[in-house]
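Participant: Quick one: this structure, given as structure tokens, is what I'll be asking you about.
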Amino acid sequence: MEFPYTPKTELQHAFGGKIVLVHGMAHQACKPQERRSMDAWWFDCDVMWSDNGKVSRSPVELFKLCADGGAENEDMQVLLDAMARYLTDNGEWCSIGPHQGWYAHRKAKAAA
């Protein structure tokens, strides 16, 4: 997949906006809390907001992506696959031991 990526379908932001362009992906490493990873992973997107019609560049976490058809949507499949690759390239899943969740390999914010 190449960035920037223009969605072919109506890809929505859960808070009321249309995702018009995906610039890439990024993450930030944070100190674990209560035995859980607090690292954050997101898409770097241009969102056209429903309330004012303005476009702004915004971080969009996976849980904020919405589309007709859910995970079967063409754009959702492309972006979910890209995020899965990004996670494995830039982090690791820990399910055994004192800390669980996705952990970044680098502390600095990284763009795809």
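The numbers here are math on the coordinates, done by the rules we state, and not lab data. Source: prediction; values computed, not measured. So basically every Cβ, Gly included, is an ideal-geometry build from the backbone, and we count neighbours across all protein chains shown.
Participant: What pairs come out if I take residues in segment 48-68 that are within 20 Å of VAL78 (Cα to Cα) and pair them with residues that are among the aliphatic types (A, V, I, L, M) and surrounded by fewer than 17 Cβ atoms within 10 Å (Cβ to Cβ) whose C-beta lies under 6 Å away, six or more apart or interchain?
Facilitator: Qualifying pairs under 6 Å: LYS64/ALA14; CYS66/ALA14.
Participant: So, one more: Looking only at residues in segment 61-81 that are hydrophobic (A, V, I, L, M, F, W, C) and not in a helix (DSSP H, G or I), which one is surrounded by the fewest Cβ atoms within 10 Å (Cβ to Cβ)?
Facilitator: It comes out as CYS66.
Participant: Inside segment 36-56, can you point out the residues that are surrounded by 15 or more Cβ atoms within 10 Å (Cβ to Cβ) and under 30 Å from TRP93 (Cβ atoms)?
Facilitator: Those that are surrounded by 15 or more Cβ atoms within 10 Å (Cβ to Cβ) and under 30 Å from TRP93 (Cβ atoms): SER37, ASP39, ALA40, TRP41, TRP42, PHE43, ASP44, CYS45, ASP46, VAL47.
Participant: Of all residues being of a type in the set (A, V, I, L, M) and in a loop (DSSP other than H, G, I, E, B) in segment 1-29, which is surrounded by the most Cβ atoms within 10 Å (Cβ to Cβ)? Just the residue, please.
Facilitator: LEU11
Participant: Right, ALA84: within 30 Å of ILE96 (Cα to Cα) and exposed (fewer than 11 other Cβ atoms within 10 Å of the Cβ) or not?
Facilitator: Yes, satisfied.
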